[in-house]
Amino acid sequence: MKDDFYFTIAASTTAEYKEKGSKFLTFSYAVSTEQEIKEILQETRKKYYDARHVCYGYIIGTEDRVMKCQDDGEPAHTAGTPILNQIRSKNLTQTLVVVVRYFGGTKLGVSGLIEAYKESAKACLNKATILEKYLSDTLHITFEAALQGEVMRMVKEFNGQIISLDYQNKVILQVEIRKSITPKFLQNPILGVTVEIECNKEE
């Protein structure tokens with residue numbers, strides 16, 4: 001079974017790195033979609049229109065992950081790859097790092113560029129607060145009102161988070177259970193109670 005947890009950053013951070021006159025402005029973002037990333041990159045290029053390069057790396061996805069990076073005119077694998085490797089080294093996902101470079105007049109060479117982009121991304125991510133998040137299953141539980149006490153005790157035992165409780169002909173409870181313990185939860189049936197899994201989500 002795949003892990004039902006992942007690590008990401010709590011909020012955006014910034015850092016600045018200088019090497020032989022070149023200035024590297026670095027920004028990290030908590031993201032979840034490629035559309036969101038596209039919009040951030042567009043805004044960054046617009047704001048720093050006079051920069052020589054806007055390079056980036058990102059990893060998104062909580063189960064099946066997507067990893068991409070861009071050198072933006074720097075020699076191949078000297079910018080995007082070291083940025084991406086810093087995200088990977090911290091085992092992060094849902095994370096974008098963008099490095100804006102202002103050329104200082106002195107070429108850094110391949111090894112110098114790799115080191116500069118690596119250190120820029122590293123400095124930025126070192127400022128971030130790392131969060132551990134969990135994947136959960138959303139369950140719809142239907143039962144007679146007389147069984148509410150027993151159902152609630154079971155939900156509490158499995159650290160379930162109640163989303164909604166609706167009283168109709170029967171009681172309909174919507175609850176989130178951590179993905180890895182959902183099978184165990186379902187192995188504890190209560191007579192007269194039906195459970196449906198709606199979807200998986202992040203918590």
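Nothing in this text is a laboratory measurement; each read-out follows from the coordinates by a stated rule. Bear in mind the structure is a predicted one, so any value in this text is a computation, not a measurement. No Cβ is skipped: glycine too gets one built from the backbone with ideal geometry, and neighbour counts run over all protein chains shown.
As a quick test, which of the pairs 23/133; 23/118; 20/122; 90/127 have an alpha carbon distance above 24 angstrom in this structure? Listed pairs above 24 Å: 23/133.
As a proxy for reagent exposure, ranking 194, 95 by other Cβ atoms within 10 Å from fewest up yields 194, 95.
Taking a straight line from the alpha carbon of residue 170, these aspartates and glutamates sit under 14 Å away, with near neighbours fewer than eight places off in the same chain left out: 144. The order of the peptides 39-46, 148-155 by mean Cβ neighbours within 10 Å, most packed first, is 148-155, 39-46.
Distance from the C-alpha centroid of the range 101-146 to that of the range 1-79: 8 Å, rounded to the whole angstrom. Derived from the Cα gyration tensor, the three semi-axes of the equivalent ellipsoid of the range 1-46 are 27, 16, 9 Å, largest first.
Remark: C-alpha extents of the range 135-202 on the principal axes read 31, 20, 17 Å, sorted largest to smallest.
Label zone of residue 180 (point 7 Å out along Cα→Cβ, amide N under 17 Å): in the range 5-34 this covers 5-8.
Under a model in which nothing but the beta-carbon of Lys, Arg (+1) and Asp, Glu (-1) is charged, the chain shows a dipole of about 940 debye around its Cα centre. For the chain, the longest principal axis of the alpha carbon atoms and the long axis of helix 80-89 meet at an angle near 40°.
Mean projection of the Cα convex hull over all viewing directions, computed for the chain: 13.6 nm².
Taking other C-beta atoms within 10 angstrom as a stand-in for reagent exposure, 22, 32 fall in the order 32, 22, fewest first. Which listed residue (139, 94, 154) has the Cα farthest towards the positive end of the charge dipole for the chain, taking +1 on Lys and Arg C-beta and -1 on Asp and Glu C-beta about the Cα centre? The Cα lying farthest towards the positive end belongs to 94.
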